[in-house]
Amino acid sequence: MNALFESLQNAHIALYAIVFVISVVKFPLYKNSALKVLPIILFLTLFTESLGMYIKFVYALSNTIIYNIYYFFYFSLFFYVFKEVIEEKRFKKYIKIGLALYCLIYLGDWFYTDFMNRGFVISYIAGATILVFCIILYYISILQSSLVLVVKNDLLFWVSVGLFLFYIGYIPIKIIRTWFYKQDSFFEILLVIQFSLIIIMYLFFLTGFLWMKKRS
């Protein structure tokens, strides 16, 4: 099982790097859209994961605070993307409310969580749930527009599918691993599923970059 964990971990780090490089190469195609922040998100993810692994395995220190800071920028930037892309004013208002709620919960985690040694689980679950809600609003908006006819060439569509599948699968895993954890084979299987979901998500990202066409 350890060999499988190591293989999956190496695979998802490699995918992080590959997709980030392709996002930079393809940047001229979407530099004038809200997705211009996507390379920043991808770089932050690659940097955080690499630094987190280095601190954990080389220095045997807690890397939790790095992720606690990273997820604030990760979720906030994705909220920005969907708020800018969705044209329906009512949906924009919902996303703004979701962002405000997330910021409040995130701030609360700084006060009530040992941020150096414990992950911000509550704000993570809140951010992931709000992001799934944003994606659903995006799907509704494209179904009501002509974009539905060319959706296969839309980068955000593929990114949103990857995000949606990942968080629908990972939110329950996060809850189970946080509040019902014990060292056994079941939780090892959950970890395998987690890494697999990451790989699937990034394969959707990769598909989006390969299929995309220029969009302002």
Among (1) out of contact with any Leu (no Cβ under 8 Å at 6 or more places or on another chain); (2) surrounded by 14 or more Cβ atoms within 10 Å (Cβ to Cβ); (3) at pLDDT below 95 - the single one Ile199 does not satisfy | (1)
For the stretch 7-23, pairs from a residue that is more than 17 Å from Lys36 (Cα to Cα) to a residue that is among the β-branched types (Val, Ile, Thr) and assigned to a helix (DSSP H, G or I), with Cβ under 8 Å and 6 or more apart or across chains, are Leu8/Val192; Leu8/Ile199; Ala11/Ile199; His12/Ile198; His12/Ile199; Leu15/Ile198; Leu15/Ile199; Tyr16/Thr45
Given the residues Lys96, Lys83, which is the only one that is out of contact with any strand residue (DSSP E or B) (no Cβ under 8 Å at 6 or more places or on another chain), of a type in the set (D, E, K, R) and surrounded by fewer than 16 Cβ atoms within 10 Å (Cβ to Cβ)?
-> Lys96
Check whether at least one residue in the stretch 150-159 is out of contact with any Pro (no Cβ under 8 Å at 6 or more places or on another chain), under 28 Å from Val192 (Cβ atoms) and basic (Lys, Arg), and report yes or no.
-> no
If we keep only residues of the stretch 35-59 that are out of contact with any helix residue (DSSP H, G or I) (no Cβ under 8 Å at 6 or more places or on another chain) and among the aromatic types (Phe, Trp, Tyr), then the residue surrounded by the most Cβ atoms within 10 Å (Cβ to Cβ) is Phe47
Name the residues in the stretch 55-79 that are in a helix (DSSP H, G or I) and over 21 Å from the mean Cα position of the chain (by Cα), would you?
-> Ile55, Lys56, Phe57, Val58
In this structure, is Ile86 in contact (Cβ under 8 Å) with a residue 24 or more places away in the chain and farther than 20 Å from Ile125 by Cα?
-> yes
Residue hits (the stretch 172-192; surrounded by 15 or more Cβ atoms within 10 Å (Cβ to Cβ) and among the aliphatic types (A, V, I, L, M)) are Ile173, Leu190, Leu191
Filtering the stretch 158-176 down to residues that are at pLDDT 95 or above and either of a type in the set (A, V, I, L, M, F, W, C) or not in a helix (DSSP H, G or I) (or both) yields Trp158, Val159, Val161, Leu163, Phe164, Leu165, Phe166, Ile168, Ile171
State whether the residues of the stretch 94-117 include one that is among the aromatic types (Phe, Trp, Tyr) and within 23 Å of Phe20 (Cβ to Cβ).
-> no
Taking only the stretch 202-216 into account, find how many residues are of a type in the set (Gly, Ala, Ser) and either modelled with pLDDT under 95 or not in a helix (DSSP H, G or I) (or both).
-> 1
Residues being closer than 20 Å to Asp109 by Cα and hydroxyl-bearing (Ser, Thr, Tyr) - total across the stretch 52-96 | 7
Selection status of Ile135, β-branched (Val, Ile, Thr), touching a residue at least 24 places away in the same chain (Cβ under 8 Å), out of contact with any Gly (no Cβ under 6 Å at 6 or more places or on another chain) and over 15 Å from Leu77 (Cα atoms) = no
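The values are calculated or read from the model by the stated rules, or taken from the named source; none is laboratory data. All values derive from a computational prediction rather than experimental measurement. Cβ sites come from the backbone with ideal geometry, for glycine too, and all protein chains shown count toward neighbours.
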